[in-house]
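**Student:** My structure is below; once you've seen it, I'll send some questions.
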Amino acid sequence: MIESSFSRRGFLQAGVAAGAVAAAPPIFARSKEPNMINRFVAPFLLSLALVSSSCAAETAAPAAAADAAEFAPVIAGAKFETLFSGKAEEVAANFETVGNYPVEDGVLVCKGGNLVTKKDYADFIFDFEFLLPKGGNNGVGIRAPFPTGDVAYTCMELQILDDTAEQYAKLHDYQFHGSIYGVNPPVRGSLKPVGEWNHQTIIAQGSKLTILVNGKVVQDKVDLSTKVPHMNDKTQYAQGLNRASGRICFAGHGDPVKFRNVKVAELPAAHALSGTADNVAPAGYTALFDGKTLSNWKGLLFGAGLDQPHKRAQASAEVLAAAAVKADEDMVKHWSVVDGALRFDGHGHSLASAKKYKNFELYVSWKIHANGDSGIYLRGSPQVQIWDPANSKEVGNGVQKGSGGIWNNPQDGKFPMVKADKPVEEWNTFFIRCIGDKVSIWLNGQLIVNHAKHEYLWDKSFPFPAEEQFELQCHGNEVFFKNIYLRELP
């Protein structure tokens, strides 16, 4: 995508700095053809060899080839599903007819608009070939909502562009081919001459995004959760940058860009917690519970509304100090460490992190008894729900839908997309990403809340706090927590 100063969907005029590149999510499913992996991977491995041999004299080439080879095993082991191999019936079966992409001589030809997958994809490899006309402009939107809107803003767009054309001489670096449009510039020099077919592979797993073009890595495991999109006038690009799942689409701008050999493979969820002993943080995370003490924790203030962030902000230092003494006295009565886990005895008040946090990723493992009920307050606001889905007394409140919804939201994210709870008395694990006021949640490795806005329950006239403590909720039941790991984000 390239935007002019006059039209978001138009071309950038010569000499005018432009707008936004958006990324399209790859779709991957299981192949029914036993030899399909070889068909898909062989061209990729051949392209690596060609890049390595033909570019040996260039100092950057060996590093690029080595980088690309790192991803060959992932691609070789993926189970691909063909979305388009030259047949019009494949388009009808696998895509929404939002744009105008007729099949001509066995290839898709963009005549405008978006071509959107019928299925959502979270973690995947998206693989395709494209041919650009002179000055051609398109894009791939990934993890897009549906309807997609303008994917440069609603999710993220991965730029497809003949950036050698004269009219694009003064682009921003985050607008060239292979960029995460409006977010992150690419390594340049991967495109073949105009009129030749190019091969592109997109690997999206968790918050990491990799793009290979003709065997060259142009985006190398970019951590999307650490990126802040640029602004187009007063509008921010890639507002859905941290969406966890959604459609994949080709985003057309009227140029006859051609596509062929479009395929996708779904990858395992990236956020299952494994490989470390209890209470030992994975790389990049800090353990907030050591399995032995209540270090890094404090009692939640109570009385006079002091459990609510906006009320605490209005209280005097003297009031807060006195309340903190009482809260900590209550904490040691009802919160303890038992067999390497935090135990709440079902009485008293919630437990709060000693530190306040802005944007973060958080792992929390928890265990409840039959009919148990608890939750996690993000930035002091209710609540990521924990409860027993078999509790017949709470059916009217939606307990049968499972844990992990932002239960006090009026609609968006209120209930999980799928029930992912393990049976009571077994350990469950949340992975929670909170950036701005948007929250995504995984339970036991399954995505259950996708980029939902977290409402502020306590007082609707206040926004969701930009920085606050998080809390483990008391709800009158015995509950256990462990493996509490946090990574702060920009």
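**Student:** Do you know the relative contact order of segment 36-266, to the nearest whole percent, from alpha carbon pairs under 8 angstrom that are 6+ apart?
**Tutor:** 30
**Student:** Report the semi-axes of the equivalent ellipsoid for segment 286-489 in whole Å, largest first, where each axis is √(5λ) for an eigenvalue λ of the Cα gyration tensor.
**Tutor:** Largest first, segment 286-489 gives 24, 20, 16 Å.
**Student:** How much mean residue ellipticity at 222 nm does the chain get from its helices, if each DSSP H run of length 4 or more adds -39500 (n - 2.57) and you divide by all residues, to the nearest 500 deg cm²/dmol? Please report the intermediate quantities before stating the final value.
**Tutor:** Values: 6 runs with 71 residues, N = 490.
Result for the chain, helices only: -4500 deg cm²/dmol.
**Student:** Continuing with the same structure: If you rank M417, M156 by fewest surrounding Cβ atoms within 10 Å, what's the result?
**Tutor:** Working: M417 18, M156 37.
Lowest to highest Cβ neighbour count: M417, M156.
**Student:** Mind checking the full-extension length gain between D173 and T286? Use 0.36 nm per residue of separation minus the Cα-Cα distance, one decimal, nm.
**Tutor:** 37.3 nm
**Student:** Arrange the peptides 79-88, 477-486 so that the one whose residues have, on average, the most other Cβ atoms within 10 Å appears first.
**Tutor:** Put in order of decreasing packing, that is 477-486, 79-88.
**Student:** Then there's this: Give the cross-link partners of K401 among the aspartates and glutamates, using a straight C-alpha distance below 16 Å as the criterion and excluding same-chain residues fewer than 8 apart.
**Tutor:** Cα-Cα hits under 16 Å: D373, D388, D412, D421.
**Student:** A further question on this structure: Aspartates and glutamates within cross-link reach of K119: Cα-Cα under 17 Å, excluding same-chain residues under 8 positions apart?
**Tutor:** Result set, ordered by chain and number: E81, E89, E90, E96, D127, E266.
**Student:** While we're looking at this one, here's another question. Helix 36-54 versus the longest principal axis of the chain: what is the Cα-based angle in degrees, 0 to 90, to the nearest 10?
**Tutor:** 70
**Student:** Using the beta-carbon distance between D278 and S392 and R0 = 35 Å, what value does 1/(1 + (r/R0)^6) give for FRET efficiency, to the nearest 0.05? The partial results should precede the final answer.
**Tutor:** Values: r = 33 Å, r/R0 = 0.93.
Plugging the Cβ-Cβ distance into 1/(1 + (r/R0)^6) gives 0.60.
**Student:** Which residues in segment 449-490 place their backbone N less than 13 Å from a point set 7 Å from the Cα of A313 along the Cα-to-Cβ direction?
**Tutor:** Only 456-469 pass the distance filter.
**Student:** Grab the Cα-Cα distance for D233 and F146, subtract it from 0.36 nm times how many residues apart they are, and report the gain in nm with one decimal.
**Tutor:** Gain on extension, D233 to F146, equals 28.8 nm.
**Student:** Rg to Rh for the chain: what is it, with Cα atoms only and Rh by Kirkwood?
**Tutor:** Numbers: Rg = 24.9 Å, Rh = 24.2 Å.
Across the chain, the Cα-based Rg/Rh ratio is 1.03.
**Student:** Give me D127, D330, D223 sorted ascending by neighbouring Cβ count inside 10 Å, so fewest comes first.
**Tutor:** D223, D330, D127
**Student:** How would W442, W427, W335 line up from fewest to most surrounding beta-carbon atoms within 10 angstrom? Write out the running numbers ahead of the final one.
**Tutor:** Working: W442 27, W427 16, W335 21.
By the 10 Å Cβ count, ascending, the order reads W427, W335, W442.
**Student:** Here is a follow-up. Can you pull out the GluC sites (Glu not before Pro) in segment 92-198 whose DSSP state is coil and whose Cβ has at most 11 other Cβ atoms within 10 Å?
**Tutor:** E196
**Student:** In addition: Simple spin-label model, 7 Å along Cα-to-Cβ: A324 to A93 in nm?
**Tutor:** 6.4
**Student:** Multiplying the sequence separation of E70 and A304 by 0.36 nm and subtracting their Cα-Cα distance, what value in nm do you get?
**Tutor:** Computed gain between E70 and A304 is 78.5 nm.
**Student:** State the answer as a single residue: which of Q473, L212, G348 lies farthest towards the positive end of the charge dipole of the chain, with beta carbon charges of +1 for Lys and Arg and -1 for Asp and Glu, about the Cα centre.
**Tutor:** L212
No value in this document is a laboratory result; all are computed from the given coordinates. What you see is a predicted model; the values in this text were computed from it and never measured. As a convention, Cβ positions derive from the backbone with ideal geometry for all residues, glycine included, and neighbour counts pool all protein chains shown.
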